[in-house]
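Engineer: One structure is given below, represented as structure tokens, and several questions about it will come after.
The values are calculated or read from the model by the stated rules, or taken from the named source; none is laboratory data. Keep in mind that this is a model prediction, so the values were computed, not measured. As a convention, Cβ positions derive from the backbone with ideal geometry for all residues, glycine included, and neighbour counts pool all protein chains shown. Just the protein is used for accessible areas: all its heavy atoms, side chains included, with ligands, DNA and RNA removed. Shrake-Rupley method; radii C 1.70, N 1.55, O 1.52, S 1.80 Å.
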Amino acid sequence: MSLDAPAVIRPAVAHDADAITEVFLASRATAMPWLPDLHTDAETRWWVEHVVLAECTTWLATDPDGSVVGFAARRGSLLEHLYLRPDRRRQGIGGLLLDQLRAERSDGLTLHVFARNTAARAFYERAGARVLATGDGSANEEGLPDVTYGWTPQT
């Protein structure tokens, strides 16, 4: 992404499910190849359409041509997902999506991240998130240790 062509942030709609699924799968495969493979691509696509888009406030980052390069989904004050296409990381797009969600939740925002995902942890810490708790993996389907981060109105 060039500085003169920033990502466009827009609300996701039902017909974005395929593009969101592609970003989700590519991002996880590249950034977290150590994750257990628990679901088929078709199951993931179903989950995006029937859970993420149906139950979360979901925003997309698109190139000016409309191609989806990232998404973020929030359920209440919990940031459920923030994923970028692997070739679009470290270009400010994640920050734009995070800013959108934080602006919607002036009372604060929390998220869970795998403890082993050091790149994501560094991203959230640079954005001012603070560690609120650590977990042993018993609360996620992957069974992997995680860290809960959060922002309060003062951070």
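Engineer: Find which of GLY92, VAL51, PHE71 sits farthest along the positive direction of the dipole of the stretch 40-155, computed with +1 on the beta-carbon of Lys and Arg, -1 on that of Asp and Glu, about the Cα centre.
Structural biologist: Highest projection toward the positive end goes to GLY92.
Engineer: A follow-up question, please. Defining a contact as two alpha carbons under 8 Å apart and six or more residues distant in sequence, what relative contact order in percent does the chain show?
Structural biologist: 20 percent
Engineer: In addition: Ordered by residue, what ³J(HN,Hα) values in Hz, to whole numbers, does the stretch 80-88 give under the Karplus form 6.51 cos²θ - 1.76 cosθ + 1.60, where θ = phi - 60° and Gly and Pro are x?
Structural biologist: Per residue, the Karplus-derived 3J(HN,Hα) values read 7, 8, 8, 10, 10, 4, x, 7, 10 Hz.
Engineer: Count the net charge of all other residues whose Cβ sits under 15 Å from the Cβ of SER67, scoring Lys and Arg as +1 and Asp and Glu as -1. Spell out each step's value before the answer.
Structural biologist: Numbers: positive: ARG10, ARG85, ARG88; negative: ASP16, ASP18, GLU22, ASP63, ASP65, ASP87.
Here the count lands on -3.
Engineer: Also: Running a GNM on the chain with Cα contacts under 10 Å, which residue among ALA12, ALA115, ALA139 ends up with the highest mean-square fluctuation?
Structural biologist: Looking only at ALA12, ALA115, ALA139, the biggest GNM fluctuation is shown by ALA139.
Engineer: Where the eigenvalues come from the Cα gyration tensor of the stretch 27-155, what are the semi-axes √(5λ) of the equivalent ellipsoid, largest first, in whole Å?
Structural biologist: Values: eigenvalues 84, 78, 47 Å².
So the equivalent ellipsoid measures 20, 20, 15 Å along its semi-axes.
Engineer: Something else now. Would you please give the FRET efficiency between ALA42 and VAL8, computed as 1/(1 + (r/R0)^6) with r the Cβ-Cβ distance and R0 = 35 Å, to the nearest 0.05? Intermediate values should be presented prior to the final figure.
Structural biologist: Details: r = 29 Å, r/R0 = 0.83.
So the FRET efficiency works out to roughly 0.75.
Engineer: Next up: Roughly to the nearest percent, how much of the accessible area of the chain is carbon and sulfur, given a 1.4 Å probe?
Structural biologist: Details: 4330 of 8170 Å².
Its accessible area is 53 percent carbon and sulfur atoms.
Engineer: Taking a probe of 1.4 angstrom, what is the accessible area of ILE9 in Å², to the nearest 10?
Structural biologist: So the heavy atoms of ILE9 present about 50 Å² to solvent.
Engineer: Accessible area per residue for the chain in Å², computed with a 1.4 Å probe and the full protein assembly in place, what is it?
Structural biologist: On the way: 8170 Å² over 155 residues.
Normalised by residue count, the accessible surface of the chain is 53 Å².
Engineer: Express in nm, to one decimal, how much length is gained between ALA122 and ALA54 on full extension, taking 0.36 nm for each residue of separation and deducting their alpha carbon distance.
Structural biologist: 21.5 nm
Engineer: For the stretch 54-67, what does the Karplus curve 6.51 cos²θ - 1.76 cosθ + 1.60, with θ = phi - 60°, yield as ³J(HN,Hα) per residue in whole Hz, taken in order and with x for Gly and Pro?
Structural biologist: Coupling constants for the stretch 54-67: 7, 10, 10, 7, 10, 10, 10, 10, 10, 6, x, 7, x, 6 Hz.
Engineer: Would you please give the residues with an amide H less than 5 Å from that of ALA115, counting only those at least 5 places away or on a separate chain, with H modeled from the backbone geometry?
Structural biologist: The answer is ASP146, VAL147.
Engineer: How far apart, in nanometres, would the label points at THR134 and ALA26 be if each is projected 7 angstrom from Cα along the Cα-to-Cβ direction?
Structural biologist: 3.4 nm
Engineer: OK, next. How big is the C-alpha Rg of the stretch 105-155 next to the rule-of-thumb value 2.2 N^0.38 Å, as a ratio?
Structural biologist: 1.14
Engineer: If you don't mind, another one. Please build a GNM for the chain, connecting alpha carbons under 10 Å apart, and tell me which residue among LEU132, LEU84, LEU101 fluctuates the most.
Structural biologist: In this elastic network of the chain, the residue with the biggest mean-square fluctuation among LEU132, LEU84, LEU101 is LEU132.
Engineer: I'd like the Kirkwood hydrodynamic radius of the stretch 1-98, using the inverse of the mean 1/r over distinct C-alpha pairs, in Å.
Structural biologist: Hydrodynamic radius (Kirkwood, Cα only) of the stretch 1-98 equals 13.6 Å.
Engineer: While we're here: Please check: in the Gaussian network model of the chain (C-alpha springs, under 10 Å), which one of ALA29, ALA54, ALA42 has the largest mean-square fluctuation.
Structural biologist: For the chain, modelled as a Gaussian network with Cα springs under 10 Å, the answer is ALA42.
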